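Nothing in this text is a laboratory measurement; each read-out follows from the coordinates by a stated rule. Just so you know, these numbers come straight off a predicted model, no measurement behind them. Ideal geometry is used to build each Cβ from the backbone, glycine not excepted, and the neighbour counts take in all protein chains shown.
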Amino acid sequence: MSSVHSGPMRTTETPISSPAIRSGIAVTTGTKAAQEGRRTATIVPGERLVLTVAEAGELLGISRAFAYELVARGKLPVIRLGRRIVVPKAALLAMVDLSPQTD
């Protein structure tokens, strides 16, 4: 009997920080702003400044289709580069009340 999956099965449980790590956003907690109750994020140098709509949806914990629906409604901030639609990381962070920092 052959198995459809050759490797270990993927689970739906992933670490909460995993999408943020893949996207180049690091959430900091030991700063003055964090002590005042504001969460801050650092944009890692050398990383992309924008995300695809699908990547932004993944970070927000919503489906790709719903992310595009939010774009159509004007609820998700985007930049249109020709036919390409991208979500600026800074705008996404502001949307979830994280203020971007630079080193």
MET95 versus ARG80, label points 7 Å from Cα toward the beta carbon: distance in nm? 1.7
Calculate one ³J(HN,Hα) per residue across segment 72-89 by plugging θ = phi - 60° into the Karplus curve 6.51 cos²θ - 1.76 cosθ + 1.60, and present them in order as whole Hz with x for glycine and proline. 4, 7, x, 8, 10, x, 9, 10, 9, 10, x, 8, 8, 10, 10, 10, x, 4
Would you please put 79-85, 53-59, 65-71, 89-95 in order of how densely packed they are, using the mean number of other Cβ atoms within 10 angstrom per residue and starting with the highest? 53-59, 89-95, 65-71, 79-85
